[in-house]
Amino acid sequence: MRCRTTEQVPKCFRQVKCPYVPGETVYGEFGAINYTLVGPADGELVVCFHGLNGSRMLFQDSAAYIARSGNFRVLTFDLYGHGLSNAPPVDLMPCASCSTSCRASCCAWNGPRGRYDLDFFVDQTDELLWLIGLENEPMNLMGFSLGGAVAVAFAKRFPSRVRRLVAISPSGFIPKVPPLYYVLKAVWCCLVPLAPHVLCTCWYKKERFARSLRAENQDMDDPAIHSLWSRFVWQLFVKRGVASATLVNWFNLTELYEHVGRNQRPVLLVWGERDNLNPVATVGKKVKALFSNAKLLEIPRAGHIALCDRPREVVPRIVRFLQLPVNSRMDSADLEPVALPAPRPDDQTPEPEEYDDEKAEQVALRAENMPVALVLGHTEQDVALAGGQQLRAPVLG
């Protein structure tokens, strides 16, 4: 994982510690991949994809719950440019189309550049599965927001490997690419080197960061502010390449979903009733119509991150869906949850935390009131509520 040396980090940020919890590490073509695999060795594989600027920690509790069912082995990992996986330099101009002199300049660093598109993340997933010996396993895919689009793209490339698909408010339905996206790509080679020097004095000193947060959330306590500040600073000033990884083109993916939707595999779409980023009344119903065998599960009182806003309502139903036969018709499928079995004697899966509906609703309300761009992923140390309770999700999907 590319990180700056202590001397390269601005002095005011050198005391900041890494906010992410490491799992296992393998090394792919583009560097370190941070992952966790839980559940019985003979369990059916479930591969989870987090959202933009998130991390594998989004699925920490739900992965433990699914694995506890006794039938599933759950793989969570950080996409390149996220969490504790490497963020290779972004490839804004693929070398195949460059001149010889340009190719020598843009490939001068010691390693390949990342494209940061859906195919790039599909390649990473395929490589990770090969590295950990699961390349031949049939699997179920579960993705949130951008991760939902990655899951769909994986199912398009490897249709015979995917048995079921869970998409939680999947992205890809902004009809046109915003002009700002092209502007950022055009000037990114200048912005990235300047960012640590400009942002340090302008936005990310802790006192100013705290004032900005309290302007939006007057009751936000010091531990919560410190947690968010530490994550921003570590990603922007310690780990290299994070900002570049946000330039993912995830716009107007209707044809991708329509192509994958022709397959008769069971698909579960999970949407929060209060999702203002990806409204269920418009986007949710449109996505459902693109799949030939899908059920749309609308979660009351949940926002964009229904998985974490209302976990007691969402996760057991995902388990029930995963237990359905692969030839099930979703229009008549029963998703009422069943009780979990007792853990097996050889089960080393960590106990899932007890879900607390009241706490989850408070977290959901807090997330709705927080500026979208301020929450970049999920860690165990995210203190969101007074009394040391945890923030369970990123806002930006």
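The values are calculated or read from the model by the stated rules, or taken from the named source; none is laboratory data. These numbers were taken from a predicted model, which means no experiment stands behind them. Cβ coordinates were reconstructed from backbone atoms using ideal geometry, including for glycine residues, and neighbour counts include every protein chain displayed.
Being of a type outside the set (Phe, Trp, Tyr), at pLDDT below 60 and not in a helix (DSSP H, G or I) is not true of Glu361. Within the range 117-153, the set of residues being in a loop (DSSP other than H, G, I, E, B), touching a strand residue (DSSP E or B) at 6+ places or on another chain (Cβ under 8 Å) and surrounded by fewer than 24 Cβ atoms within 10 Å (Cβ to Cβ) comprises Ile132, Leu134, Glu137, Pro138.
Scanning the range 249-281 for residues that are more than 19 Å from the chain's Cα centre (by Cα), of a type in the set (D, E, K, R) and surrounded by 15 or more Cβ atoms within 10 Å (Cβ to Cβ) yields Arg265, Glu273, Arg274.
Would you check if there is a residue in the range 323-340 being surrounded by 16 or more Cβ atoms within 10 Å (Cβ to Cβ), within 20 Å of the chain's Cα centre (by Cα), in contact (Cβ under 8 Å) with a residue 60 or more places away in the chain and closer than 16 Å to Phe72 by Cβ? No: the range 323-340 contains no residue that is surrounded by 16 or more Cβ atoms within 10 Å (Cβ to Cβ), within 20 Å of the chain's Cα centre (by Cα), in contact (Cβ under 8 Å) with a residue 60 or more places away in the chain and closer than 16 Å to Phe72 by Cβ. A single entry from Gly284, Gly303 fulfils the requirement of being part of a loop (DSSP other than H, G, I, E, B), surrounded by 21 or more Cβ atoms within 10 Å (Cβ to Cβ) and either touching a residue at least 40 places away in the same chain (Cβ under 8 Å) or of a type in the set (Gly, Ala, Ser) (or both): Gly303. Residues in the range 291-306 that are over 14 Å from Ala281 (Cα atoms) and modelled with pLDDT of 95 or more: Phe291, Ser292, Asn293, Ala294, Lys295. When every residue of the range 197-213 is checked against the conditions, at least one turns out to be closer than 20 Å to Arg4 by Cβ, assigned to a loop (DSSP other than H, G, I, E, B), touching a Leu at 6+ places or on another chain (Cβ under 8 Å) and modelled with pLDDT of 70 or more.
Can you say whether Gly23 is closer than 26 Å to Ala149 by Cα, among the small types (Gly, Ala, Ser) and either buried (at least 24 other Cβ atoms within 10 Å of the Cβ) or touching a Pro at 6+ places or on another chain (Cβ under 8 Å) (or both), as far as the supplied structure shows? So Gly23 fails the test.
Taking each residue of the range 16-32 that is more than 20 Å from Val238 (Cα to Cα) and looking for partners that are assigned to a loop (DSSP other than H, G, I, E, B) with beta-carbon atoms closer than 8 Å, six or more apart or interchain, yields Val26/Ile132; Glu29/Pro112.
Within the range 219-233, is there a residue that is at pLDDT below 80 and loosely packed, with under 13 Cβ neighbours inside 10 Å? Taking every residue of the range 219-233 in turn, at least one turns out to be at pLDDT below 80 and loosely packed, with under 13 Cβ neighbours inside 10 Å. In this structure, does Asn252 turn out to be at positive phi, polar (S, T, N, Q) and out of contact with any Phe, Trp or Tyr (no Cβ under 6 Å at 6 or more places or on another chain)? Yes; evaluated as a whole, the condition is true for this residue.
Scanning the range 289-300 for residues that are under 27 Å from His259 (Cα atoms), surrounded by fewer than 24 Cβ atoms within 10 Å (Cβ to Cβ) and not polar (S, T, N, Q) gives Ala289, Leu290, Ala294, Lys295, Leu296, Leu297, Glu298, Ile299.
Against the numbered list (1) modelled with pLDDT under 90; (2) within 21 Å of Leu141 (Cα to Cα); (3) not polar (S, T, N, Q), Val314 comes up short only at (1).
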